[in-house]
Amino acid sequence: MKLIAERAGYADYPRPEDRQRDDRVWLAEASFGRFDKLYMERGQVSLLARGDYDTVLYEVFKSLVQDKATHIEARNRIAGQDSRRQWFALQAEMMESLKPEWAQRIAADQATVLALNPFQDER
């Protein structure tokens with residue numbers, strides 16, 4: 001995971017000290033070969049993802065890369081264009097650079113979102 005985190009520009013992820021603070025995300029081994037991605041906010045723990053190592057890592061990096069993509073999009077916003085056009089493309093590109101199989105998964109996830117909520121560019 002550390003190597004993938006470094007490629008994504010998150011050399012210090014996950015930070016062990018985060019487990020001592022509120023409002024944090026961490027990974028835990030649930031059982032042999034199964035992992036959980038957990039989140040704590042205001043003392044309440046939520047399960048964000050559960051699965052094999054690859055499934056949980058995909059969810060971790062999907063979130064991290066989305067955060068990075070939305071920040072890049074915000075700095076380079078195109079007036080009148082649905083912001084998701086840029087950040088979906090950036091997110092797919094970054095996921096491809098981390099693990100090619102993840103690019104296919106993110107494309108499917110994005111297609112699901114767009115089927116329910118199509119792009120809405122201003123005219």
Would you check which residues across segment 73-91 are part of a helix (DSSP H, G or I) and open to solvent by 30 Å² or more (accessible area, probe 1.4 Å) and list them? Ala74, Arg75, Ser83, Arg84, Arg85, Gln86, Trp87, Ala89, Leu90
If we ask which residues in segment 65-114 are without any contact (Cβ under 8 Å) to a residue 60 or more places away in the chain, closer than 21 Å to Thr55 by Cα and not hydrophobic (A, V, I, L, M, F, W, C), their number turns out to be 12
Taking segment 31-72 as the region of interest, how many residues are open to solvent by 50 Å² or more (accessible area, probe 1.4 Å) and among the hydrophobic types (A, V, I, L, M, F, W, C)? 4
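The values are calculated or read from the model by the stated rules, or taken from the named source; none is laboratory data. As the structure is a prediction and not an experimental result, all values here were calculated from the model. Here Cβ is always computed from backbone atoms with ideal geometry, including for glycine, and neighbour counts include all displayed protein chains. Side chains included, ligands, DNA and RNA excluded: accessible areas come from the protein's heavy atoms. Shrake-Rupley method; radii C 1.70, N 1.55, O 1.52, S 1.80 Å.
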